[in-house]
Amino acid sequence: MTKHSSLTTEQMACVYAWLAQLFSRERDDESLVLLQSSEMAEWFAVLKGEPSLEAQVLLLEEKIAALKVREDATLELAADFCSLFLMSDQHAALPYSSAYLKDTPDNGVIRQLLSEAGMQVSDAFSESADHLAIFIELLSHLHFSLAEAGQRYQQIDALRKDTLVGLLRWLPEFATQCRRYDDFGFYGALSQLLLAVVRLDNQT
C-alpha cells in the first residue's frame, strides 16, 4: 500500500543522516547539548507532524529529558552504546546485518548497492560494510539524490527501494533487541524511531 508522507525528500534525507550519526559512534558532551537544544525541539516538532512517527518521537523526547537528570550522562550513555553495540551478542543488539541473517550474509548486497549509488565506505569508518549506519547513510544519500535526480529518478528510487527491502530483513529484530537490552532506553527509543521511519519510507 502506497502512503503519502508529510516529510519532504530532503527532510527524509536529513532524518537518515542524523540517525546514521547517532548509531555510528558514542555521544560526547557537545552532541548531548545539541540533543537537548531548542533547535532539536523544533526538528522533533516537524517529525511529530507525521502521524506514523509521533509516538516514537515523543518516547525519544522523554528519554532525552531523562538524560538531563542522569548522573554522568555522557559517560553512562557511552557505556550503553558500548554494551549494546560493541560487545558480544549476548544481551546486546549488534548493529550488523550479518548478526541476524546468518544463513544469508548481506555484505555483498550492501556493497553492490553502495557501488550502484556511487558510494564507498570511508576509511575513517572502522566498521564492516553491513553496519547499520552504512545502510542509513546510503538511504540519506539516495534521498538527497532523488531531490535533484531528473532523468535518473527511477534508477535512484529503485536503489532506495532495494536498500529498504534489505534493511527491513533484519531491522525489526535489531530494534526489538535494542528495546529489550537498553535499560535506560535512549537507544531503544532511537531504534523504534528508525524502524518507524524506514517503514514509512517503504510505504511511500
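Okay, here's what the table says:
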read-out: Extension reserve of the ASP72-MET119 stretch, reckoned as 0.36 nm per residue once the Cα distance is removed; value: 13.2 nm
read-out: Within the chain, helix-based [θ] at 222 nm, where runs of 4 or more DSSP H residues each add -39,500 (n - 2.57), nearest 500; value: -21000 deg cm²/dmol
read-out: Segment GLU39-HIS4, extension gain: residue separation times 0.36 nm, minus the distance between their alpha carbons; value: 10.0 nm
read-out: Selected from LYS161, LYS63, LYS102 as most flexible by GNM, with the chain as the system and alpha-carbon contacts under 10 Å; value: LYS102
read-out: Extension gain from ASP28 to LEU168, taking 0.36 nm per residue of separation minus the Cα-Cα distance; value: 47.5 nm
read-out: Separation of the GLN112 and ALA17 label points, Cα + 7 Å toward Cβ, nm; value: 2.9
read-out: By accessible area with a 1.4 Å probe, ligands and nucleic acids excluded, highest first: order of GLU61, GLU39, GLU71; value: GLU71, GLU39, GLU61
read-out: Exposure ranking of VAL15, VAL33 by accessible area [1.4 Å probe, largest first]; value: VAL33, VAL15
read-out: Three-way shape label, the chain, alpha-carbon gyration tensor, a/c 1.5; value: oblate
read-out: Two-site FRET efficiency, ALA55 against SER128, from Cβ-Cβ distance with R₀ of 45 Å, rounded to 0.05; value: 0.90
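The values are calculated or read from the model by the stated rules, or taken from the named source; none is laboratory data. For clarity, every value in this text was computed on a predicted model and none was experimentally measured. FYI the Cβ positions are ideal-geometry reconstructions off the backbone, even for glycines, and counts take in every protein chain you see. Surface areas here come from the heavy atoms of the whole protein model, side chains and all, with no ligands, DNA or RNA. Shrake-Rupley method; radii C 1.70, N 1.55, O 1.52, S 1.80 Å.
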